[in-house]
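The values are calculated or read from the model by the stated rules, or taken from the named source; none is laboratory data. Note that the structure is predicted; figures quoted are calculated from it, not measured. Note: ideal-geometry Cβ built from the backbone for every residue, glycine included; neighbour counts use all protein chains shown.
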Amino acid sequence: MTTSSPEVGEEAWAGYRTFDRNAWAQLRDATPLPLAADELEALRGLNDRLELDEVTDVYLPLSRLLNLRVAATQALHRSTDTFLGQQRPPVPFVIGLGGSVAVGKSTTARVLQALLARWPDHPRVDLVTTDGFLRPNRVLEERGIMDRKGFPVSYDVRQLVRFLEAIKRGEEEVRAPVYSHVVYDIVDGEEQVLRQPDIVILEGLNVLQTGAAAGHESRFVSDWFDFSIYVDADEADIERWYVERFFALRDTAFSDETSFFRHFAALSDDALEATAHGIWASINRPNLRDNILPSRARADLVLDKGPDHAVRRVILRLR
């Protein structure tokens, strides 16, 4: 089974336009590259082979498009305020970013955050992950769904929707819970505080999903997005990246004495590989096929990656 995007002209992508990498790169216009190699290294995720030419070819044009969209949205808000004869608090532009485990969402989000913050019209860009809205492990255990962590049912969607509502009201301070991938749980007493940013990037597995598990009182998380992005790749490639990341984690996070997965650090290569494939088959593959991939067609833009982790095509919704 492949999860890669259909070819141009297929009915499923009516209303979209597909660009190969070279054609997309031309759309950067004269946008300068504001990131140096050492800055990019700090943004690169574990086992993610992101190069400067990828930023130049793919993410600079995307940052230019988003900058234009932000300006247009801000102008729309001003025109509404003029009509109403009042001035409301600034409303952040919200970008939703979804895709599978191990597909490179976090790196994409960090690179976009760094690039967008360098545009003069919106220097304050906050990045929030939906991991903070996972229910605590004790709750998942009580409900017998610890093995469904990352599935829509494992999130406190009511809390996430309230968070987005507060963001869109332009509240002076909005707080989000913090999640630790080391202890594999919500961190008690820690919060991320957003103070009227210009842009908010919300990154997570199921941000584009619809259905009962993804909404609250007939509102979906994606209803609050001004633009949405899906990071895509063939399923076989994503599984391979997931296993590679598992090996990288054995030498880093898994070796931490406080790590929830510290027992994996002592496994042999064969045992670790079998464990990684087993977790993929029992948890990540079903979540991808049943919940994450079906949401791809709702994205405004799809970044389609090849086997080398590099973006090979960009698919943009035109309507």
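Yes or no: F254 more than 23 Å from V58 (Cα to Cα), under 20 Å from the mean Cα position of the chain (by Cα), buried (at least 17 other Cβ atoms within 10 Å of the Cβ) and without any contact (Cβ under 8 Å) to a residue 40 or more places away in the chain? Walk me through how you get there before you give the answer.
Numbers: more than 23 Å from V58 (Cα to Cα): yes; under 20 Å from the mean Cα position of the chain (by Cα): no; buried (at least 17 other Cβ atoms within 10 Å of the Cβ): yes; without any contact (Cβ under 8 Å) to a residue 40 or more places away in the chain: yes.
Spelling it out, it is not the case that F254 is more than 23 Å from V58 (Cα to Cα), under 20 Å from the mean Cα position of the chain (by Cα), buried (at least 17 other Cβ atoms within 10 Å of the Cβ) and without any contact (Cβ under 8 Å) to a residue 40 or more places away in the chain.
The set of residues from the range 154-183 being in contact with an Asp or Glu (Cβ under 7 Å, 6 or more places away or on another chain) and among the aliphatic types (A, V, I, L, M) comprises A176, V178, V182.
With the requirement that a residue be under 11 Å from S295 (Cβ atoms), in a strand (DSSP E or B) and in contact with a strand residue (DSSP E or B) (Cβ under 9 Å, 6 or more places away or on another chain), what does the range 219-231 give you?
Residues satisfying the conditions are S228, Y230.
Assessment of the range 80-95 against the conditions (buried (at least 16 other Cβ atoms within 10 Å of the Cβ), assigned to a loop (DSSP other than H, G, I, E, B), under 21 Å from the mean Cα position of the chain (by Cα) and modelled with pLDDT of 80 or more) yields at least one matching residue. Within the range 78-95, is there a residue that is in contact with a Phe, Trp or Tyr (Cβ under 6 Å, 6 or more places away or on another chain) and farther than 23 Å from A233 by Cα? Yes, some residue in the range 78-95 is in contact with a Phe, Trp or Tyr (Cβ under 6 Å, 6 or more places away or on another chain) and farther than 23 Å from A233 by Cα. In the range 196-213 there is at least one residue that is more than 24 Å from T108 (Cβ to Cβ), of a type outside the set (G, A, S) and over 15 Å from the mean Cα position of the chain (by Cα). Against the list (1) free of Cβ contacts under 8 Å to residues at least 60 places away in the same chain; (2) within 28 Å of L62 (Cα to Cα); (3) β-branched (V, I, T); (4) crowded, with 18+ Cβ neighbours inside 10 Å, the condition V193 fails is (4).
Taking the criterion of being charged (D, E, K, R) and either without any contact (Cβ under 8 Å) to a residue 12 or more places away in the chain or part of a helix (DSSP H, G or I) (or both), the residues of the range 258-317 that qualify are R262, D269, D270, E273, R285, R289, D290, R296, R298.
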